[in-house]
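A.B. asks: This is the structure I have questions about; it appears just below.
The values are calculated or read from the model by the stated rules, or taken from the named source; none is laboratory data. Remember, it's a predicted structure, so these values are computed and weren't measured experimentally. No Cβ is skipped: glycine too gets one built from the backbone with ideal geometry, and neighbour counts run over all protein chains shown. These area figures cover heavy atoms from the full protein model, side chains too; ligands, DNA and RNA do not enter into them. Shrake-Rupley method; radii C 1.70, N 1.55, O 1.52, S 1.80 Å.
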Amino acid sequence: MKLSLAEVRSADNLDLGTSSWIRIDQDKIDRFAEATEDRQWIHVDVERARDSEVGGTIAHGFLLLSLLPKLFFEIVEFPDLGRMLNFGVEKVRFLRPVPSGSEIRLEARLVSARKRAGGYLMRIYGEMCLRDSGRRAMVTEVLFLGFPDDPAAD
């Protein structure tokens, strides 16, 4: 989906769509653990995690959160916006574990947009859902700050 600057300005709970599925395999979990130095056993110790109540390793919640921009920009393009900055996270909840090997996708909605600092502060509601169960693994509300390519066009 492509959204013009005019559509961004008038957004009010606009459904943006759904990303493709992405597999969260053990290699991705291990690489995230190394990058963040979060080597909690439930994420990286396959043998020990097998005997846990979850039955195997699970993705870090922050791994899911870190995938949000990739999945979001797969869903929507902003041809009139030259750059987008992560502005923050208002809310995030990790509702259920994401076992290694699972597939997730993002469903997103543009809640609102308002002028700020020469750009538009966009409030995005997102749900990451598990393919196997269809259930939500994470819900969040994030903020992106987008700046027009041509400030005079605003």
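A.B. asks: Below 11 angstrom from the Cβ of LYS91, what's the summed charge of the other residues (Lys, Arg +1; Asp, Glu -1)? If you can, show how the numbers build up before the last one.
C.D. replies: Details: positive: ARG93, ARG123; negative: GLU90, GLU141.
Summing Lys and Arg as +1 and Asp and Glu as -1 gives 0.
A.B. asks: Step through the residues of region 61-76 one at a time and calculate ³J(HN,Hα) from phi using the Karplus curve (6.51 cos²θ - 1.76 cosθ + 1.60, θ = phi - 60°), rounding each to whole Hz and writing x for Gly and Pro.
C.D. replies: Ordered by residue, 3J(HN,Hα) equals x, 6, 5, 4, 4, 5, 7, 4, x, 4, 6, 4, 6, 6, 7, 9 Hz.
A.B. asks: Another question about this same structure. Tell me which residues come under 5 Å, amide H to amide H, from GLY82 once H is placed; ignore anything under 5 positions away on its chain.
C.D. replies: PHE147, ASP149
A.B. asks: I want to make sure I understand the PRE zone here: with the label point 7 angstrom from the Cα of THR18 toward its beta carbon, which residues in region 48-74 have backbone N atoms less than 20 Å away?
C.D. replies: Label zone hits: 64-65, 67-74.
A.B. asks: Could you check the spin-label model distance between TRP41 and ARG135? Points 7 Å from the Cα along Cα→Cβ, value in nm.
C.D. replies: In this crude label model, TRP41 to ARG135 measures out at 2.5 nm.
A.B. asks: To the nearest 10 Å², what's MET1's accessible area with a 1.4 Å probe?
C.D. replies: 100 Å²
A.B. asks: If you take the Cα Rg of region 50-101 and divide it by 2.2 N^0.38 Å, with N the number of residues, what do you get?
C.D. replies: In units of the globular-protein estimate, region 50-101 measures up at 1.56.
A.B. asks: What ³J(HN,Hα) values, in whole Hz, does the Karplus curve 6.51 cos²θ - 1.76 cosθ + 1.60 give for region 8-13 when θ = phi - 60°, with x put for Gly and Pro?
C.D. replies: 4, 4, 9, 4, 8, 6
A.B. asks: Cβ under 12 Å from MET138's Cβ, MET138 left aside: what net charge do those residues give with Lys, Arg +1 and Asp, Glu -1? Show your work: numbers first, answer last.
C.D. replies: On the way: positive: LYS91, ARG93, ARG96, ARG105, ARG135, ARG136; negative: GLU107, GLU127, GLU141.
Net of charged neighbours comes to +3.
A.B. asks: For a quick check of understanding: with a 1.4 angstrom probe and all protein chains in place, what accessible area in square angstrom does ARG31 have, to the nearest ten?
C.D. replies: Accessible area of ARG31: about 140 Å².
A.B. asks: Something else about it: Assuming a ≥ b ≥ c are the square roots of the Cα gyration tensor eigenvalues, decide whether the chain counts as rounded (a/c under 1.5), prolate (otherwise, with a/b larger than b/c) or oblate.
C.D. replies: Numbers: a/c = 2.85, a/b = 2.28, b/c = 1.25.
Note, shape of the chain comes out prolate.
A.B. asks: Next up: Where the eigenvalues come from the Cα gyration tensor of region 100-154, what are the semi-axes √(5λ) of the equivalent ellipsoid, largest first, in whole Å? Walk me through the numbers before you get to the answer.
C.D. replies: Numbers: eigenvalues 207, 21, 12 Å².
One finds semi-axes of 32, 10, 8 Å for region 100-154.
A.B. asks: Where a ≥ b ≥ c are the square roots of the eigenvalues of the C-alpha gyration tensor, would you call region 13-88 rounded, which needs a/c under 1.5, or, failing that, prolate if a/b is larger than b/c, or oblate?
C.D. replies: Working: a/c = 3.29, a/b = 2.25, b/c = 1.46.
Taking the square roots of the gyration eigenvalues as a ≥ b ≥ c, region 13-88 is prolate.
A.B. asks: With +1 on each Lys and Arg Cβ and -1 on each Asp and Glu Cβ, and nothing else charged, work out how big the dipole of the chain is about its Cα centre, in Debye to the nearest 20.
C.D. replies: In total the dipole reaches around 360 debye.
A.B. asks: Taking amide hydrogens as modeled 1.01 Å from N in the peptide plane, which residues meet the under 5 Å criterion relative to GLY101, leaving out close sequence neighbours?
C.D. replies: Close amide H contacts, sequence-distant or interchain: ILE24, ASP25, GLN26.
A.B. asks: From the phi angles alone, apply the Karplus equation (6.51, -1.76, 1.60; θ = phi - 60°) to region 137-149 and give each ³J(HN,Hα) in whole Hz, x where the residue is Gly or Pro.
C.D. replies: For region 137-149, the Karplus-derived couplings read 9, 8, 10, 7, 10, 10, 10, 10, 10, x, 10, x, 4 Hz, x marking Gly and Pro.
A.B. asks: Further question: Each label point is 7 Å from the Cα along the Cα-to-Cβ direction; what then is the distance between the points at VAL92 and LYS28, in nm?
C.D. replies: It is 1.6 nm.
A.B. asks: Can you give me the % of accessible surface on region 3-88 that is carbon or sulfur? Probe 1.4 Å, all protein chains present, nothing else counted. Working shown, then result.
C.D. replies: On the way: 2280 of 4860 Å².
Answer for region 3-88 is 47 percent, counting heavy atoms of protein chains only.
A.B. asks: Could you state how much accessible area GLU74 has, in square angstrom rounded to the nearest 10, with a 1.4 Å probe and all protein chains kept in place?
C.D. replies: GLU74 exposes around 80 Å² with every protein chain in place.
A.B. asks: To continue, here is another question. List the relative contact order of region 1-100 as a percent without decimals, with contacts defined as Cα pairs under 8 Å and 6+ residues apart. All intermediate terms of the calculation are to be shown ahead of the outcome.
C.D. replies: Working: 89 pairs, mean separation 38.7, N = 100.
It comes to 39 percent, rounded to a whole number.
A.B. asks: A follow-up question, please. Considering amide H positions built from the backbone, and no H for Pro or chain starts, which residues 5 or more places from LEU16, or on another chain, come under 5 Å of its amide H?
C.D. replies: Counting only residues 5 or more places away or on other chains, the set is ALA108, ARG109, LEU110.
A.B. asks: How much mean residue ellipticity at 222 nm does the chain get from its helices, if each DSSP H run of length 4 or more adds -39500 (n - 2.57) and you divide by all residues, to the nearest 500 deg cm²/dmol?
C.D. replies: On the way: 5 runs with 40 residues, N = 154.
Result for the chain, helices only: -7000 deg cm²/dmol.
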